[in-house]
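Please read the structure below before turning to the comments.
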Amino acid sequence: MNNPIKVGVLGARGRMGSEAVRAVGEAPDTELVAAINREDPLTGLVDGGAQVAVDLTHPDAVLDNIRFCVEHGIHVVVGTSGLGTPELDRVRGWLADRPEVGVLVAPNFAIGAVLSMRFAELAAKFFESVEIVELHHPKKADAPSGTAARTAQVVAQARAAAGLGAVPDATTKELDGARGADVDGVRVHSVRMTGLVAHQEVLFGTEGETLTIRHDSYDRRSFMPGVLLSIREVGSRPGLTVGLDALLGI
Ligand SMILES: NC(=O)C1=CN([C@@H]2O[C@H](COP(=O)(O)OP(=O)(O)OC[C@H]3O[C@@H](n4cnc5c(N)ncnc54)[C@H](OP(=O)(O)O)[C@@H]3O)[C@@H](O)[C@H]2O)C=CC1
Ligand SMILES: O=C(O)C1=N[C@H](C(=O)O)C[C@H](O)C1
């Protein structure tokens, strides 16, 4: 067997980070060499000889972490949400100086969630109306979720490619927020509720029918196969990859 991949986890004591620490420790082909928390210097990754870092921190911290890793030749798997087009462009800029490094940004590691985004992309051109409802635990910092933002983006691109216009909506008078956030012309509604983990519905409608694509993560273990797959693959995918689609062959 090859030597195990040396992995550092950033945000190690968090809800996701602690699961990732466990998953990396249990997998036969990965070895945890650094568990970095907010107060720890990032140089712990270098000291531990990390080949891959997994970022599960906070939208405010993630960019600095990626930059450090790229500059130090460490591949990065990014689970942290909050990276939009301007942030991804900055990552591409850093990678231009280190073309051998891979950065894999995963809006969602759950296989079912990746599939549901793809299904939504496929369905988009057949329906006049679309809205997204994402539902999460109340400790989540960002809204809408990274998954919902990505779903809205791919649905909007598919609609545009099919020549569909704006989603019909006659609203002229509304209470602020009543129609949700507008992400590339797709309305996204964010629910925060005790008892939930991570859930999403993409609702499509056209004359006489609707289609709902729903995904539920009931446990953060649902994300770990995707985390491990990303760790295994990122080193052989230099540059920036967004989403797990290519890794899953979809
Ligand atoms: N892609 C995916 O499939 C998934 C992505 N996520 C995303 O992962 C991220 C983490 O989620 P979750 O584990 O629930 O969050 P938590 O708040 O439980 O964990 C975040 C961890 O990061 C640390 N942290 C926070 N701010 C900083 C900072 N400025 N510098 C360094 N470390 C920091 C926290 O430290 P401290 O303990 O001191 O607060 C904490 O340990 C979120 O962006 C979330 O959206 C979550 C689930 C799945
Ligand atoms: O904060 C979370 O919990 C999650 N964050 C990611 C997101 O913003 O989409 C992925 C998943 O929804 C869980």
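The values are calculated or read from the model by the stated rules, or taken from the named source; none is laboratory data. What you see is a predicted model; the values in this text were computed from it and never measured. Every residue, glycine among them, receives a Cβ derived from its backbone with ideal geometry; neighbour counts consider all protein chains shown. We work out accessible area using only protein heavy atoms, side chains counted, and drop any ligands, DNA or RNA first. Shrake-Rupley method; radii C 1.70, N 1.55, O 1.52, S 1.80 Å.
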Notebook entry, point to check: If you check residue 216 against the conditions, is it of a type in the set (Asp, Glu) and either surrounded by 13 or more Cβ atoms within 10 Å (Cβ to Cβ) or modelled with pLDDT under 95 (or both)?
Noted result: yes
Checklist line | Matching residues in region 85-111 - criterion: being surrounded by 15 or more Cβ atoms within 10 Å (Cβ to Cβ) and more than 15 Å from ligand 1 (Cβ to nearest atom) | finding: 91, 94, 95, 98, 101, 102
Next item on the list: Would you check which residues across region 55-76 are within 16 Å of ligand 2 (Cβ to nearest atom) and open to solvent by less than 10 Å² (accessible area, probe 1.4 Å) and list them?
Entry: 55, 62
Item checked: Conditions (1) open to solvent by 60 Å² or more (accessible area, probe 1.4 Å); (2) outside any strand (DSSP E or B): number failed by residue 182 -> (2)
Next item on the list: Go through region 8-54 and give me each residue that's acidic (Asp, Glu) and either open to solvent by 60 Å² or more (accessible area, probe 1.4 Å) or at pLDDT below 95 (or both).
Entry: 26, 31, 39, 47
Check: Quick check: is even one residue across region 164-174 open to solvent by 50 Å² or more (accessible area, probe 1.4 Å), in contact with a helix residue (DSSP H, G or I) (Cβ under 9 Å, 6 or more places away or on another chain) and not in a loop (DSSP other than H, G, I, E, B)?
Finding: no
Check: Only one residue in 246, 170 is under 30 Å from residue 51 (Cα atoms) and either of a type outside the set (Asp, Glu) or touching a residue at least 40 places away in the same chain (Cβ under 8 Å) (or both), so which one is that?
Finding: 246
Next item on the list: Examine region 219-227 for a residue that is over 24 Å from residue 12 (Cα atoms) and open to solvent by 30 Å² or more (accessible area, probe 1.4 Å), and state whether such a residue exists.
Entry: no
Note to self: Can you tell me which of (1) out of contact with any helix residue (DSSP H, G or I) (no Cβ under 7 Å at 6 or more places or on another chain); (2) in contact (Cβ under 8 Å) with a residue 12 or more places away in the chain; (3) surrounded by 14 or more Cβ atoms within 10 Å (Cβ to Cβ) is the one residue 204 doesn't meet?
What the structure shows: (1)
